[in-house]
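The values are calculated or read from the model by the stated rules, or taken from the named source; none is laboratory data. Model, not experiment: these values are computed from the prediction. Here the Cβ positions follow ideal geometry from the backbone for every residue, glycine too, while neighbour counts run over all protein chains shown. When the accessible area is computed, the model is the full protein with side chains, heavy atoms only, and any ligands, DNA or RNA have been set aside. Shrake-Rupley method; radii C 1.70, N 1.55, O 1.52, S 1.80 Å.
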Amino acid sequence: MTATSARPDTMMALRAHARGGPEQLVYESAPVPVPGPGEALVAVLAAAITFAELTWDASWTTRDGRDRTPVIPSHEVTGTVAAVGPGAGGPAVGEEVYGLIDFDRDGAAAEYVTVPAAHLAARPRSVSDEEAASLPLAALTAWQALVDHAALELGERVLVQGGAGGVGVYAVQLAAILGGTVAATGRAGQRGFVLNLGATSFLAPSAGDTSGYKAVAPDGFDVVIDTIGGAVLDASYALARRGGRLVTLGAPPSADRAAALGVLATFFIVTPDAAELAKLAELVDEGKLRPVVSQVFPLREGRQAFESATKPHPPGKTILTVP
Ligand SMILES: NC(=O)c1ccc[n+]([C@@H]2O[C@H](COP(=O)([O-])OP(=O)(O)OC[C@H]3O[C@@H](n4cnc5c(N)ncnc54)[C@H](OP(=O)(O)O)[C@@H]3O)[C@@H](O)[C@H]2O)c1
């Protein structure tokens, strides 16, 4: 490891020693990770959580399926490069970075985290640590859904199911930035917030009555991004036009239902991409893309942060800060 300053051997971290929900999370001392070849050690300033991440298999296992408890959650980070491992290109020691951390390795709910250096990008400079940490997983997911998977074109009609969620707030903004005409769904009371993000129509998601959607896009939407799943996903196939694209985030779509309606339906898992993160940072620093922070918890209250999923909370991402 190439080091520039002395670091402690141990750090405080949020860890789970057994698979489960937020009740498994404990704030405790853990070893400071050592960056391997190609990796950077990042001193964490802020990290964001995804409420569903504790339900994902990859959060608990190595890439080849072995149990890797104790695990550290929270896979989006902003911080300072504290050291780099052998052969690590990318950001230098001292640079302020942000990034998405692969789900099959420890996350950033800790004072330090190791990340492949090639997955890190310079953080947006014009926003707070908390705001920068709200972007890597959520905004990259939205970008990859719209650009890499839906291949959104200028002037197309986009529907974002769940426009006030962690991913949804970025899907609405990016779809508008990319030249789409955006409709979004959300809870009653979120209309003003969602319209402010750049949507031109706001709808309450409905499994049965599709008349609201039909009024906005009589022939169906060119692109539907579903961040909700369940009954809302079930209703989403018929909301895309024949030849339109449906991108699902929670679970793979039904190929049969998609084929029957002539819709191209895709599920994907977001992947780290430093070039796309650099583009997102540019949009933020140009004042075009607005980070949305829902609530902020100190790292030691990380369990409460995960538990807040079931309580009323403002739209956007939930953040952990490291003093
Ligand atoms: N495939 C990938 O790479 C990837 C990446 C990131 C996330 N995901 C998945 O994408 C999904 C969304 O993630 P997220 O972080 O955006 O979650 P989130 O912050 O919980 O957002 C979901 C949004 O949908 C709203 N919602 C849920 N049910 C609703 C309903 N019946 N009517 C109206 N609104 C409803 C939620 O409102 P409330 O908060 O009021 O419930 C929330 O605003 C999750 O399933 C997650 O696992 C996938």
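Figures for the structure shown
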item: Pick from the range 144-161, criterion under 18 Å from the mean Cα position of the chain (by Cα) and open to solvent by 10 Å² or more (accessible area, probe 1.4 Å), ranking: nearest to Lys288 (Cα to Cα); result: Val147
item: Residue within the range 269-285 that is away from the ligand (no atom under 14 Å from the Cβ) and either over 25 Å from Phe103 (Cβ atoms) or hydroxyl-bearing (Ser, Thr, Tyr) (or both) present; result: yes
item: Breaking point among (1) assigned to a strand (DSSP E or B); (2) in contact with a Ser or Thr (Cβ under 8 Å, 6 or more places away or on another chain), for Leu137; result: (1)
item: Residues (closer than 22 Å to Ala171 by Cα, more than 12 Å from the ligand (Cβ to nearest atom) and open to solvent by 70 Å² or more (accessible area, probe 1.4 Å)) located in the range 286-323; result: Glu286, Lys288, Arg290, Val296
item: Answer from Val194, Val167, Val216 - the residue that is farther than 25 Å from Ala274 by Cα and in contact with a helix residue (DSSP H, G or I) (Cβ under 7 Å, 6 or more places away or on another chain); result: Val194
item: Pairs with Cβ under 8 Å, 6+ apart, first in the range 161-182 and more than 16 Å from Asp222 (Cβ to Cβ), second of a type in the set (Phe, Trp, Tyr) and within 9 Å of the ligand (Cβ to nearest atom); result: Gly166/Phe51
item: Qualifying residue in the range 73-91 (condition: free of Cβ contacts under 8 Å to residues at least 24 places away in the same chain, in contact with a strand residue (DSSP E or B) (Cβ under 8 Å, 6 or more places away or on another chain), exposed (fewer than 14 other Cβ atoms within 10 Å of the Cβ) and farther than 22 Å from Ala278 by Cα); result: no
item: Checking Asp106 against (1) open to solvent by 50 Å² or more (accessible area, probe 1.4 Å); (2) within 16 Å of the ligand (Cβ to nearest atom); (3) within 14 Å of Ala16 (Cβ to Cβ), the condition it does not meet; result: (2)
item: Search result, residues across the range 149-167 that are within 11 Å of the ligand (Cβ to nearest atom) and not hydrophobic (A, V, I, L, M, F, W, C); result: His149, Gln161, Gly162, Gly163, Gly165, Gly166
item: Residue tally, condition among the charged types (D, E, K, R), farther than 28 Å from Leu14 by Cα and open to solvent by less than 70 Å² (accessible area, probe 1.4 Å), over the range 268-284; result: 1
item: Matching residues in the range 240-254 - criterion: being away from the ligand (no atom under 14 Å from the Cβ) and crowded, with 22+ Cβ neighbours inside 10 Å; result: Ala240, Gly244, Arg245
item: Selection within the range 116-129 - open to solvent by 30 Å² or more (accessible area, probe 1.4 Å) and more than 16 Å from the ligand (Cβ to nearest atom); result: Ala118, Ala122, Arg125, Ser126, Ser128, Asp129
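Residue-wise test of (1) in contact (Cβ under 8 Å) with a residue 40 or more places away in the chain; (2) open to solvent by 10 Å² or more (accessible area, probe 1.4 Å); (3) in a helix (DSSP H, G or I).
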site	(1), (2), (3)
Ala188	no, yes, no
Ala215	no, yes, yes
Val223	yes, no, no
Asp256	no, yes, yes
Thr266	yes, yes, no
